[in-house]
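Scroll down for the structure; my scribbles are underneath it.
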Amino acid sequence: MLLALPFLFLLLDIMNFNSSLLLRVSGFLAFGCVLVPSSTAQQVERVTVTGQHPYYHETLSRIFTQYDYDQANLVAPTHLNDLLTQSPLISLNGQGGQLQNISIRGFSRWRIQSLIDGVPILSDRRAGASVDFIPPSFISSVAVIPGAASTYLGSGAIGGAVNLRMKEPFGHQLQVGWNSNQGGQDYSYTGFHRNTDWKVAYRNAGNGKDANGRALFDQYEQTAFFVRHRPEKAGLKEAWTLYSDSQDVGKSSSDFPQSKITTYPTNRHWLGKLNFAFDNVLASDNGAAVTGNLWWHQSQLDSNTLRPGRRINQSSNQALNFGADMGSKAQLAQWQMNWQLQLNGRENVVIDERELTLAAQEVYRVQSLTADELGLAGVVDTSRRIGNVALAAGVRLDWLRQENKGQHSTNTNISGFAGANYAFTPHWSANLYISSAYRNPTLTERFFSGETPRGTVRGDVNLATEQAMNLQGGVAYNSTQFSGDISVFYQRIDNYIERVSLSNDLLQYANLDRATVKGATYHFSWQPRHSHFNFALSGAWVRGVDEEGNTVADIPANTQRMELTYQFDAMRLFSTLQYRADKTRSAAGERALESVFLVDAGASWQLTEHTVLSTSIRNVTDELYYVSADEQAAFAHGRSVQLNLSMAL
């Protein structure tokens, strides 16, 4: 542990942490050092801490099915959203382009949390955090956590979360990709040496076209680098960092090009995580370990909005997000317990904006947000099996302080969950899960006052915390050839925060009384014995209303999806058929959607032992449809051909 501390302080210095932040994080880690003294190399070796799943996966998987999605049916996806939307729980939300966002069962923006190997990705954009600053070639799979997940993940997970996993190194590999619609080019290389692996990627694309041949403003250029090291004999089990720089990112909107042309000249991210493990002196008899993580995420997003014939608005958003945690397992009679202490913070969250005339003369310059926040939390869960019944429960106590230019707000919240799974035959089971959740208003919702591409927006320092109750239940079947589950859910949110219109160009964040989101999802998979054929069917129905029966924003159209795969010799064929129903009930700021039937198809050939060629056609029938119900959303891409060549070196 002592050997790792200089590395920690060096990183903190590189990141330009201020002194108060340094004291907070180092104090938290020092507390961990008191509980966890240094261990011998032999003792550390028998502890496994770097796993495929986070610690809470074991508990949740006892009571309901956990789903992961990989890129087996995708060919060099242009966006990570192509990977995410394989889940029936996930839909596209907001406007298109590289910063397109998602919703999980009707929850989006600041109500869902996106993580990269456990590192939360936060944003001050109302649209929420986008993970497309990471090249898809870096990601192996995504885990989807539906429903209220605040007990484990805190405020931002009132509607669920997605956790993307970085690919493991399996050799030196070069990938080259191309797509016809945008003329996009992707280049990536993966390498490793002993316990260190790295990835580097360069991507660029021009403006795409919809099915009618009209231009979509979704150009981008992106460079990214990732490196990871796993020491063999040390308390530090894993250290990784990722740097991404995207430039000239276009915002695909129906306003383009007549009303507004929005470009993001810079979208820059630097993040990383250190993972530790030490013998747990509090429970040394069962061999459990105390594990800990230190993570950071420095980001910068600049925007430039040209309103033809009127003016130019520019903004620069910068923030440093950081966190640390430590926890372990314990056995209490027949109950398996996990505990974790968490620290999360945001420093120097600054939004600068200015307005220019079309002749580039500055009209005004203002700092619309300069804020910080610090949060502390403790989490405990427990689970066990009694015969054919699995039980699990957990609780979280959370404290948060937010500050902005002399204003401050402090909140304390408690959330919890309880669930049970009953296996009434070797193949059939039923589950029930109830959880509470909360969402503190973001720094933007509390303190922001300035100009956005949607107009002038004001925050409200007196906003109340959203509180939610989530209830879901389902039945599942699992055998060697067939598996599937059907789930229904109901979630009620009090103090629902929404941006309301005060006039044509003035918007303000406000608490609504209550909103309710409910629906059903299903997922079936069938692979006949001794067959090369695989079939999957999934879908979701979601509805959300406020107390007066009005539809709330971001509720997706109902969607059904079918996947077919056939493998023979060195070739693999795959296709996806998706039906998106019409949406006639829309909220303020949304439009009605017509139904659409989409077809994708592709194939993959093992050309040689070290070379794989893949190709696919997206939107085979060249359908014209909007990417989401957002009234400013543009049309989706028309027909597009993808090619990808992967070579092991």
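The values are calculated or read from the model by the stated rules, or taken from the named source; none is laboratory data. All of these numbers come straight from a predicted model, not from anything done at the bench. With ideal geometry, Cβ positions are generated from the backbone for all residues, glycine too; neighbour counts draw on all protein chains shown.
Residues T382, T425, T412, T370: which one is in a loop (DSSP other than H, G, I, E, B) and of a type in the set (V, I, T)? Going through T382, T425, T412, T370 in turn, just one is in a loop (DSSP other than H, G, I, E, B) and of a type in the set (V, I, T): T425.
Mind checking which residues of segment 304-335 are over 30 Å from S383 (Cα atoms), over 31 Å from the mean Cα position of the chain (by Cα) and in a strand (DSSP E or B)? Matches in segment 304-335: R307, R311, I312. Every residue in segment 104-153 that is farther than 29 Å from D546 by Cα and acidic (D, E), please. Correct list: D117, D132. If the requirement is being aliphatic (A, V, I, L, M) and assigned to a loop (DSSP other than H, G, I, E, B), which of these qualifies: A211, A239, A201? After applying the criteria, what remains is A211. Mind checking which residues of segment 560-589 are outside any strand (DSSP E or B) and either farther than 19 Å from Y626 by Cβ or charged (D, E, K, R) (or both)? Hits for segment 560-589 are D569, A570, D582, R585. Among the residues in segment 168-190, are any among the charged types (D, E, K, R), more than 26 Å from Y55 (Cβ to Cβ) and in contact with a His (Cβ under 8 Å, 6 or more places away or on another chain)? Within segment 168-190 (the criterion being among the charged types (D, E, K, R), more than 26 Å from Y55 (Cβ to Cβ) and in contact with a His (Cβ under 8 Å, 6 or more places away or on another chain)), the answer is no, since none of the residues qualifies.
Among the conditions (1) of a type in the set (A, V, I, L, M, F, W, C); (2) surrounded by fewer than 19 Cβ atoms within 10 Å (Cβ to Cβ); (3) in a loop (DSSP other than H, G, I, E, B), F256 misses just one, which is (2). Being aliphatic (A, V, I, L, M), crowded, with 17+ Cβ neighbours inside 10 Å, part of a strand (DSSP E or B) and modelled with pLDDT under 95 narrows it down to one of A468, A553, so name that one. Only one candidate qualifies: A468. Within segment 398-405, at least one residue is acidic (D, E) and either at pLDDT 95 or above or part of a strand (DSSP E or B) (or both).
Within segment 501-536, the set of residues being part of a strand (DSSP E or B), touching an Asp or Glu at 6+ places or on another chain (Cβ under 9 Å), under 21 Å from R105 (Cα atoms) and among the hydrophobic types (A, V, I, L, M, F, W, C) comprises A515, F524, A536. Answer with yes or no whether L573 is under 16 Å from L74 (Cβ atoms), in contact (Cβ under 8 Å) with a residue 24 or more places away in the chain, aliphatic (A, V, I, L, M) and surrounded by fewer than 16 Cβ atoms within 10 Å (Cβ to Cβ). The answer is yes for L573. Taking the condition touching a strand residue (DSSP E or B) at 6+ places or on another chain (Cβ under 8 Å) and either under 23 Å from I112 (Cα atoms) or not small (G, A, S) (or both), does A540 pass? So A540 passes the test.
Is segment 158-176 home to any residue that is small (G, A, S), farther than 30 Å from R639 by Cα and assigned to a loop (DSSP other than H, G, I, E, B)? Yes, segment 158-176 contains a residue that is small (G, A, S), farther than 30 Å from R639 by Cα and assigned to a loop (DSSP other than H, G, I, E, B).
For segment 522-533, indicate whether the set of residues that are in contact (Cβ under 8 Å) with a residue 12 or more places away in the chain, in contact with a Leu (Cβ under 6 Å, 6 or more places away or on another chain) and under 30 Å from A603 (Cβ atoms) is non-empty. Yes: one or more hits.
Summed over segment 104-121, residues that are assigned to a loop (DSSP other than H, G, I, E, B), of a type outside the set (K, R) and buried (at least 23 other Cβ atoms within 10 Å of the Cβ) total 2. Whether a residue is farther than 30 Å from D372 by Cα, in contact (Cβ under 8 Å) with a residue 24 or more places away in the chain and surrounded by fewer than 19 Cβ atoms within 10 Å (Cβ to Cβ) was assessed, and S316 does not pass this test. The sole residue among S614, S628, S646 that is hydroxyl-bearing (S, T, Y) and in a loop (DSSP other than H, G, I, E, B) is S628. Has segment 479-490 got at least one residue that is modelled with pLDDT under 90, more than 22 Å from the chain's Cα centre (by Cα), crowded, with 18+ Cβ neighbours inside 10 Å and closer than 29 Å to T85 by Cα? Looking through segment 479-490, none of the residues is modelled with pLDDT under 90, more than 22 Å from the chain's Cα centre (by Cα), crowded, with 18+ Cβ neighbours inside 10 Å and closer than 29 Å to T85 by Cα.
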